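Let me begin by presenting the structure, written as structure tokens, before commenting on it.
Laboratory data are not the source of any read-out in this text; all were calculated from the coordinates shown. None of the values given here were measured: they were computed from a predicted structure. Cβ placement follows ideal geometry from the backbone for every residue including glycine, while neighbour counts extend to all protein chains displayed.
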Amino acid sequence: MPTERNSVHYDLVLNGKRYPPKYVVSLATLFATGDEYPAADFNAVEAKNFFQARDYEVIDRRGEAEHEIVSEDDESDFPEGSAKFKQHRYLERDSKITKKAKAKRLADTGKLECDVCTLDFEQQYGERGHGFIEGHHTKPVSMLDGKEKTKVSDIALVCSNCHRMLHRGTKLLSVAQLKKIFYECTIT
């Protein structure tokens with residue numbers, strides 16, 4: 001089944017297995033007429049209502065999800081650690097430039113502190129934090145054409161939390177913008 005046809009809200013239960021109702025309607029139409037029923041011509045609620053009107057079991061996944069939440073004290077019912085393989089295209093970064101930025105900062109200041117919140121991992125965590133900080137590329141990789149060379153000055157050194165905050169949301173924040181937010185929240 002194509003992943004874009006996965007169910008979001010409802011599951012049709014047939015012989016103990018769950019299926020997306022809209023996709024089942026499309027396949028039934030394809031089987032009966034030779035043409036697949038376009039998914040855009042009806043919605044999930046119409047598909048759910050169609051099957052419920054014919055006494056099929058349809059599960060509302062949203063309501064079911066509330067019952068699936070378990071206490072953190074309970075043991076996990078989900079096996080973890082199985083290998084999964086993914087194939088995807090990604091835009092490559094040169095990790096050497098981050099190492100150069102860290103080395104330059106250490107040579108200049110003697111420490112690696114976050115450009116936003118000033119956290120120094122070695123000061124905070126002792127030997128375990130020595131040499132640790134993340135490199136943030138101030139130019140998004142999506143804006144590069146594969147020919148432009150990144151400079152040490154294009155790398156901001158940030159802690160893990162600040163790095164996530166820079167990337168959070170639909171618009172990438174600049175280090176200066178996040179620093180302003182950080183200090184406004186710290187003052188209040």
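Zone of Gln52 (label point 7 Å along Cα→Cβ, backbone N under 16 Å): which residues in segment 6-32? Hits in segment 6-32 for Gln52 at 16 Å: 8-13, 21-22. Projecting the Cα atoms of Ala103, Gly146, Cys114 onto the dipole axis of segment 82-158, where Lys and Arg carry +1 and Asp and Glu carry -1 at the beta carbon, places Gly146 farthest toward the positive end.
Below 24 Å, Cα to Cα, which lysines can Lys151 reach? Residues fewer than 8 away in the same chain don't count. List returned: Lys96, Lys99, Lys100, Lys102, Lys104, Lys111, Lys139, Lys171, Lys179.
Of the residues Tyr183, Tyr37, the one with the fewest other Cβ atoms within 10 Å heads the list, and the complete ranking is Tyr183, Tyr37.
Order of Asp108, Asp115 from fewest to most other C-beta atoms within 10 Å? Mind dumping the intermediate values first?
Numbers: Asp108 8, Asp115 20.
Least crowded to most crowded, the residues run Asp108, Asp115.
If the chain linking Ala83 and Val45 were pulled fully straight, counting 0.36 nm for each residue of separation and taking away their Cα-Cα distance, it would gain 10.1 nm. With a Förster radius of 22 Å applied to the beta-carbon distance between Val141 and Ala103, the computed FRET efficiency rounds to 0.50.
Protection proxy ranking of 153-165, 9-21, by the mean of other Cβ atoms within 10 Å over each peptide's residues and highest first, is 153-165, 9-21. Here the calculated FRET efficiency for Ile59 and Asn6, from their Cβ-Cβ distance with R0 = 22 Å, stands at 0.95, rounded to the nearest 0.05.
What number comes out for the charge environment of Gln123, summing +1 per Lys or Arg and -1 per Asp or Glu over other residues with Cβ under 15 Å away? Intermediate values should be presented prior to the final figure.
Values: positive: Arg105, Lys111, Arg128; negative: Glu113, Asp120, Glu122, Glu127.
Around Gln123, the surrounding residues sum to -1.
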